[in-house]
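S.K.: Handing you a structure now.
The values are calculated or read from the model by the stated rules, or taken from the named source; none is laboratory data. This structure is a prediction, so every number in the text was calculated from the model and none was measured. In this analysis, Cβ positions are derived from the backbone assuming ideal geometry, glycine residues included, and neighbour counts consider all displayed protein chains.
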């Protein structure tokens, strides 16, 4: 029975990995450009929904001090005992003249324990300083392996705990089944979404878009500016 459970979990994990890869790869540049627009639109909608729930939103004090913001909308987690998780998202960085054009990232991971079924989860990462952004933009960044990652405070009453959390480079949040909270994410790997990056920026890596030679939001394709504009609304 135990062997059967492990095999079933392994099959589900492999299936999840293949589905995530298929979504990320698409069928050509046209599909990748469409995917980029969808990621931007969904990430913008998720952030709006979260920030409009005032009593349970990310504190404005946090957003106003953010160095960068990343949103992974609708990441899928599925499995039985062994679970796989995958999704894609966007990140924008604060510049002197506003916010940058979006860069595109993938997330994935696995967990083992009492779990069954599937669910969709939105993740928000508020990057508080350049060091946190440098960690995030590694070729493969594992959440939880770095001491600079912490669960972010939520709601108006969180102001008192803000100073304690600002020492972290990245504050992490998740929303699943309508529940939104700071969550110390572990075992999730984030890496560049090369296919979408190639389609939108001709091969430039996220670090180039955000750090090395940052692209202003108004220089991005018009249909990809929504996310930075949304972040700007809450981070002034």
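S.K.: I'd like to check which strands (runs of 3 or more DSSP E) are fully inside the stretch 164-225 and have at least 2 residues that are in contact (Cβ under 8 Å) with a residue 12 or more places away in the chain, surrounded by 15 or more Cβ atoms within 10 Å (Cβ to Cβ) and touching a helix residue (DSSP H, G or I) at 6+ places or on another chain (Cβ under 7 Å). Outline the logic, then answer.
M.R.: Details: elements: 170-176, 179-182, 188-192.
Answer list for the stretch 164-225: 170-176, 188-192.
S.K.: Search the stretch 42-56 for residues that are within 15 Å of residue 71 (Cβ to Cβ) and pair each with any residue that is at pLDDT 95 or above and in a helix (DSSP H, G or I) when their beta-carbon atoms are under 6 Å apart and the residues are at least 6 apart or on different chains.
M.R.: Qualifying pairs under 6 Å: 43/227; 44/226; 44/227; 44/230; 47/230; 51/234.
S.K.: Quickly run through the stretch 47-64 and pick out the residues that are assigned to a helix (DSSP H, G or I) and surrounded by fewer than 21 Cβ atoms within 10 Å (Cβ to Cβ).
M.R.: 48, 49, 50, 51, 52, 54, 55, 56, 60, 61, 63, 64, listed by residue number.
S.K.: Out of the residues in the stretch 1-33 that are at pLDDT 50 or above and surrounded by 15 or more Cβ atoms within 10 Å (Cβ to Cβ), which is farthest from the chain's Cα centre (by Cα)?
M.R.: Checking each candidate, the answer is 31.
Quick grid of which residues meet (1) closer than 30 Å to residue 52 by Cβ; (2) modelled with pLDDT under 95; (3) touching a strand residue (DSSP E or B) at 6+ places or on another chain (Cβ under 7 Å):
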{"site": "199", "(1), (2), (3)": "no, no, no"}
{"site": "206", "(1), (2), (3)": "yes, no, yes"}
{"site": "211", "(1), (2), (3)": "no, no, no"}
{"site": "215", "(1), (2), (3)": "yes, no, yes"}
{"site": "226", "(1), (2), (3)": "yes, no, no"}
{"site": "233", "(1), (2), (3)": "yes, no, no"}
{"site": "236", "(1), (2), (3)": "yes, yes, no"}
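S.K.: What about residue 158, is it out of contact with any strand residue (DSSP E or B) (no Cβ under 8 Å at 6 or more places or on another chain), modelled with pLDDT under 90, surrounded by 15 or more Cβ atoms within 10 Å (Cβ to Cβ) and not in a strand (DSSP E or B)?
M.R.: It is true that residue 158 is out of contact with any strand residue (DSSP E or B) (no Cβ under 8 Å at 6 or more places or on another chain), modelled with pLDDT under 90, surrounded by 15 or more Cβ atoms within 10 Å (Cβ to Cβ) and not in a strand (DSSP E or B).
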